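Below: one structure, written as structure tokens.
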Amino acid sequence: MTIASTERGAGKAVLANILGRFAPIVVFAALLFLFGAIQPSFLSAYSLRVLAGESSIILVLAIGQTLVILLGGIDLSMAALASLTSVLLALALPVAGAPGLIGVLLLATLIGAAQGYIHARAQIPSFIVTLAGMGLFSGAALVIGHTTIILQGGYEAVSWLSGRILGVPRPFAFAVGLLLVLLAALRWLPLGRHIYAIGLGELGALLSGVKVARTKIAVFAVSGLCAGLAGMMFVARTHSGNPTIADSLLLPSIAAVVVGGSAITGGVGGLMRTLVGTLTIGVLRVGMAVVGLDPAYEPIAYGILIAGAVAFTIDRSKTGIVK
Amino acid sequence: MTAPVLRVEGLSKAFPGLKALDDVSMEIRPHEVVGLVGENGAGKSTLLKVLAGLYAPDSGRILVRAEEVRLKSVAHAAENGVGMVFQEQSLLPNITVAENIMLGHEDDAIRYGVYDWPKLFGLARAQLAKVGSTIDPSAQTDSLSFGERQVVELAKVLTLEERTRHEPVILLDEPTSVLEAEEVEMVLRQIRRLRERASVVFISHRLDEVLEVADRVYVMTGGRCVAERDRASCNVAELQELMLGHELSDEYGRRAQDRPALAGEARLSLRDLSSGHHFRNISFDVRRSEILGIAGVGGSGREEVCRAIFGARDFEAGEIRLDGKPVRFADPSEAVASGVSFLPSERRTEGIIGGLSVRENMTLAHLSSIMRGPFIDRSKEKQLARRWIDRLSIKTRDAETQVGLLSGGNQQKVALTKWLIADNPKIFILDHPMRGLDVGAKAEIFGLIRDVSKAGIGIVLIADTLDELIALSDTIIVMRDGVITGRFDSRDTPPTQLQILEHMI
């Protein structure tokens with residue numbers, strides 16, 4: 001009987017599934033009320049808006065990262081690409097305006113697709129390709145931008161990202177809108193089904209006629225676009241571009257995916273989980289500032305959260321041995 | 001009567017939605033080979049895994065040499081002299097045979113913190129000698145055949161003797177299910193030899209080999225142990241009856257009378273297909289409704305030919321025609337788009353995606369048939385999944401259950417459905433479609449293959465046994481060392497197994 005070997009995995013998978021689904025929400029709510037109890041003003045409309053605003057760029061990065069992680073890969077280059085995009089936009093917007101914005105976003109998408117192409121066609125692990133990409137884009141951003149470039153006009157192209165809509169910071173509304181679009185794509189487009197299939201069993205997907213390489217390229221193109229959009233949001237927020245501005249968001253954006261309950265091994269999870277994960281990271285960031293903790297504790301908190309989240313969500317029955 | 005070395009009483013184990021073991025009691029006596037038979041999902045593997053310390057039972061007692069134990073882990077079971085050879089082989093491919101055999105207890109072969117290689121090889125050779133094997137302990141493990149690796153697994157388990165000072169109890173989960181005929185014989189011989197120094201429990205779906213090797217047989221159905229028989233007092237038919245709870249009509253009986261006429265142009269033609277040393281000058285035709293069986297041992301190149309047709313591997317020379325048109329698929333997606341289907345031999349890694357639901361697996365290859373505009377029509381998809389679950393009587397809680405949770409036979413039905421939902425399939429390549437399935441599931445898949453062929457689809461079949469191949473095929477070709485060595489028209493006067501074997505080896 002061949003079923004038995006999967007049965008124990010099944011029991012665990014069911015448990016991991018339940019934990020993966022609900023634990024993140026519980027953690028989020030617990031943190032929210034913990035900080036609220038220490039500092040009641042933390043739950044005010046004002047600080048919740050700050051929380052949303054602070055979370056919006058991480059959310060956009062985490063959305064792209066989620067798709068790559070669902071595929072079973074990882075994109076380490078997103079934050080560097082976002083920084084590079086901010087530099088390019090600071091240079092392009094004054095001369096080219098909105099068409100310049102579209103051009104730069106297109107370029108970011110192409111760069112993502114190129115990474116996907118190298119990963120899929122040359123059979124190089126995404127970890128390596130995007131690690132190289134991270135170095136490349138960081139370097140390019142520094143060579144091109146040197147330092148902060150104040151936007152000398154052309155802000156109209158991104159001004160729609162400032163202010164609020166229905167009381168919600170516009171960047172956050174934009175990020176959630178992006179999330180909903182991709183959520184629908186994952187659910188109703190064959191591409192979405194293929195992403196999950198590849199993440200759970202690449203060989204099985206390949207032998208079912210799934211265009212694996214094409215799917216990977218498409219996903220990395222989307223993560224490139226998300227990086228570009230994050231760069232755009234930085235420019236809208238700071239009226240400037242900076243070659244390292246997004247770099248510190250790489251860890252939190254990956255943490256957001258994992259803390260939300262998507263499995264780092266691929267195929268399990270989704271964008272709603274990433275929303276919860278991003279807000280959890282946001283509560284942590286803002287909350288620690290509100291209660292007056294040294295920001296140095298922030299990475300320590302990420303570390304604990306990530307390890308805890310992975311312990312809950314990883315499906316050990318699938319990997320057997322964890323490297 | 002001698003006291004049992006291993007005894008279980010009232011063992012139960014449940015998994016979510018499934019009672020895998022239900023009040024099972026049995027005993028294993030010294031120097032005894034015990035066969036464990038039952039359908040897929042009867043609880044056989046679960047029972048062995050409980051005995052090996054992998055699963056904790058929900059209730060019941062395990063007694064090793066009359067002492068009650070709670071086996072906490074595989075290592076703990078090993079300390080008690082119980083060792084298991086798993087269905088999925090557990091040897092590490094990239095190290096030597098000796099390292100594998102001594103893995104975990106290589107202390108005696110370590111000097112100054114590093115391997116004393118001659119000593120290590122010597123210790124391993126001694127273990128291999130116990131099973132009468134002359135496999136070179138310094139060989140890289142992945143250079144061995146599947147059957148040889150199975151023998152290495154046996155030798156590895158026998159290290160228990162030195163470690164526990166007891167005669168070990170060895171648990172074998174389908175040691176022969178994926179082996180070719182001549183290797184099966186080798187492994188069975190080893191099991192018989194083991195009787196001198198150990199007790200053995202082994203699972204097999206091949207009832208004739210169980211009766212050949214085992215002293216006693218336990219029959220399981222639905223998690224319960226329903227019968228115990230001495231070898232002398234039972235036969236294959238009785239075991240089948242006990243397993244199924246009813247008498248099995250001659251499963252391979254229906255033959256030419258209900259086969260459709262083969263007529264018309266070839267659906268699939270291969271002309272001089274060659275790929276290095278894997279296969280050379282392979283030519284054959286498959287007509288509408290024809291089932292073409294390929295016989296051959298491991299390494300004959302038949303699997304590679306099948307994968308080359310499907311675009312899953314490259315070939316160097318020759319031509320493939322599909323309904324008269326030359327094709328060359330760069331990858332499987334092109335083959336699927338052209339109406340070629342492929343059921344791979346590795347069900348769990350290639351045939352299905354265990355983490356996806358029944359529904360998602362069924363539609364994965366043909367999402368285009370359930371699209372509305374650019375979107376997946378999910379309600380149509382659900383209907384389709386439910387329809388096929390009914391049509392093939394797939395045992396699953398519902399269409400949303402993960403396929404990995406189903407039994408082997410039901411997984412295989414889902415893997416088949418993935419291709420059966422196609423609008424206009426032309427060719428179906430089946431690589432070991434009945435591997436690891438029990439009698440009942442086999443008969444069902446058997447009937448299914450015949451039904452599929454009646455719809456005008458050409459079938460290329462690699463079967464597990466010559467029995468199955470002869471019973472199903474209209475035409476049989478035999479491959480050896482990458483070339484075709486024999487052809488038989490199997491329709492009216494089927495060849496005997498011996499005739500085919502002559503060309504295989």
In a helix (DSSP H, G or I) and either in contact with an Asp or Glu (Cβ under 7 Å, 6 or more places away or on another chain) or away from chain B (no Cβ under 14 Å) (or both) - does that describe any residue in region A:262-269?
no
Out of all the residues in region B:57-77, is one or more within 21 Å of B:R224 (Cα to Cα), within 14 Å of chain A (Cβ to nearest Cβ) and at pLDDT 85 or above?
yes
With (1) in contact (Cβ under 8 Å) with a residue 24 or more places away in the chain; (2) on the phi < 0 side of the Ramachandran plot as the list, and A:I102 as the residue in question, which single condition is left unmet?
(1)
Out of the residues in region A:198-232 that are open to solvent by 10 Å² or more (accessible area, probe 1.4 Å) and more than 11 Å from chain B (Cβ to nearest Cβ), which is farthest from B:L430 (Cα to Cα)?
A:L229
Kindly establish whether B:A139 is surrounded by 20 or more Cβ atoms within 10 Å (Cβ to Cβ), hydrophobic (A, V, I, L, M, F, W, C) and closer than 30 Å to B:V297 by Cα.
no
Being within 10 Å of chain A (Cβ to nearest Cβ) and not in a helix (DSSP H, G or I) is the filter; apply it to region B:393-414 and report the residue that is surrounded by the most Cβ atoms within 10 Å (Cβ to Cβ).
B:L406
Residue ID - nearest to A:G199 (Cα to Cα), chosen from residues in region B:331-375 that are under 17 Å from the mean Cα position of the chain (by Cα), without any contact (Cβ under 8 Å) to a residue 12 or more places away in the chain and open to solvent by 30 Å² or more (accessible area, probe 1.4 Å)
B:T349
Residue hits (region A:290-309; over 15 Å from A:L249 (Cα atoms) and buried (at least 18 other Cβ atoms within 10 Å of the Cβ)) are A:V290, A:L305, A:A309
Residues that are within 14 Å of chain A (Cβ to nearest Cβ) and open to solvent by 30 Å² or more (accessible area, probe 1.4 Å): does region B:23-34 have at least one?
no
Could you list, in sequence order, the residues of region B:315-373 that are of a type in the set (S, T, Y) and over 16 Å from B:A422 (Cα atoms)?
B:S345, B:T349, B:S357
If you check B:R163 against the conditions, is it within 18 Å of the chain's Cα centre (by Cα) and part of a helix (DSSP H, G or I)?
no
What single numbered condition from (1) closer than 30 Å to A:A140 by Cβ; (2) within 14 Å of chain B (Cβ to nearest Cβ); (3) open to solvent by 10 Å² or more (accessible area, probe 1.4 Å) fails to hold for A:I195?
(3)
Of the residues in region B:193-221, those that are of a type outside the set (A, V, I, L, M, F, W, C) and part of a loop (DSSP other than H, G, I, E, B) come to B:R195, B:E196, B:R197, B:S204, B:H205, B:R206, B:D215
Criterion: under 30 Å from B:G440 (Cβ atoms) and either touching a Pro at 6+ places or on another chain (Cβ under 7 Å) or not assigned by TED's automatic domain parsing to the domain that holds B:M479 (or both) - qualifying residue of B:L154, B:L158:
B:L154
Only one of A:G261, A:G266, A:G241 is at pLDDT below 90, touching a Leu at 6+ places or on another chain (Cβ under 9 Å), buried (at least 24 other Cβ atoms within 10 Å of the Cβ) and of a type outside the set (S, T, Y), namely A:G261
Failed item, numbered, when B:L71 is tested on (1) over 24 Å from the mean Cα position of the chain (by Cα); (2) touching a residue at least 40 places away in the same chain (Cβ under 8 Å); (3) surrounded by 21 or more Cβ atoms within 10 Å (Cβ to Cβ):
(2)
Matching helices (runs of 4 or more DSSP H) fully within region B:428-505 where at least 2 residues are crowded, with 22+ Cβ neighbours inside 10 Å
B:439-454, B:466-472
Criterion first (out of contact with any Pro (no Cβ under 9 Å at 6 or more places or on another chain), more than 14 Å from chain B (Cβ to nearest Cβ), assigned to a helix (DSSP H, G or I) and modelled with pLDDT under 85) does A:F28 satisfy it?
no
Residues in region B:35-61 that are over 15 Å from B:I170 (Cα atoms), open to solvent by less than 10 Å² (accessible area, probe 1.4 Å) and either assigned to a strand (DSSP E or B) or without any contact (Cβ under 8 Å) to a residue 24 or more places away in the chain (or both) total 2
Condition check for B:N281: surrounded by 24 or more Cβ atoms within 10 Å (Cβ to Cβ) and either within 11 Å of chain A (Cβ to nearest Cβ) or assigned to a strand (DSSP E or B) (or both):
no
How many of the residues making up region B:144-168 are of a type in the set (V, I, T), touching a Gly at 6+ places or on another chain (Cβ under 6 Å) and either closer than 17 Å to B:G132 by Cα or buried (at least 22 other Cβ atoms within 10 Å of the Cβ) (or both)?
1
If I filter region B:89-99 for residues that are at pLDDT below 85, surrounded by fewer than 23 Cβ atoms within 10 Å (Cβ to Cβ), among the polar types (S, T, N, Q) and in a loop (DSSP other than H, G, I, E, B), do I get at least one hit?
yes
Considering only region B:417-427, how many residues are out of contact with any His (no Cβ under 7 Å at 6 or more places or on another chain) and either within 14 Å of A:G209 (Cα to Cα) or open to solvent by 10 Å² or more (accessible area, probe 1.4 Å) (or both)?
7
Given the conditions (1) modelled with pLDDT under 95; (2) part of a loop (DSSP other than H, G, I, E, B), report the number of the one that A:L76 does not fulfil.
(1)
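This table checks each residue for (1) in contact with a strand residue (DSSP E or B) (Cβ under 7 Å, 6 or more places away or on another chain); (2) facing chain A (nearest Cβ under 9 Å).
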residue: B:A261; (1), (2): no, no
residue: B:F310; (1), (2): yes, yes
residue: B:E316; (1), (2): yes, no
residue: B:D323; (1), (2): yes, no
residue: B:F342; (1), (2): yes, yes
residue: B:E350; (1), (2): no, yes
residue: B:V358; (1), (2): no, no
residue: B:H366; (1), (2): no, yes
residue: B:I370; (1), (2): yes, no
Residue that is open to solvent by less than 20 Å² (accessible area, probe 1.4 Å), under 16 Å from B:T159 (Cβ atoms) and assigned by TED's automatic domain parsing to the domain that holds B:A124, where the choices are B:G83, B:G104
B:G83
Tell me, please, whether a residue that is under 19 Å from B:G83 (Cα atoms), basic (K, R) and at pLDDT 80 or above can be found in region B:141-149.
yes
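The values are calculated or read from the model by the stated rules, or taken from the named source; none is laboratory data. Bear in mind the structure is a predicted one, so any value in this text is a computation, not a measurement. A quick note on method: Cβ atoms are made from the backbone with ideal geometry, for glycine too, and the neighbour counts reach across all protein chains shown. In case anyone asks, the SASA skips ligands and DNA or RNA and just uses the protein heavy atoms, side chains included. Shrake-Rupley method; radii C 1.70, N 1.55, O 1.52, S 1.80 Å.
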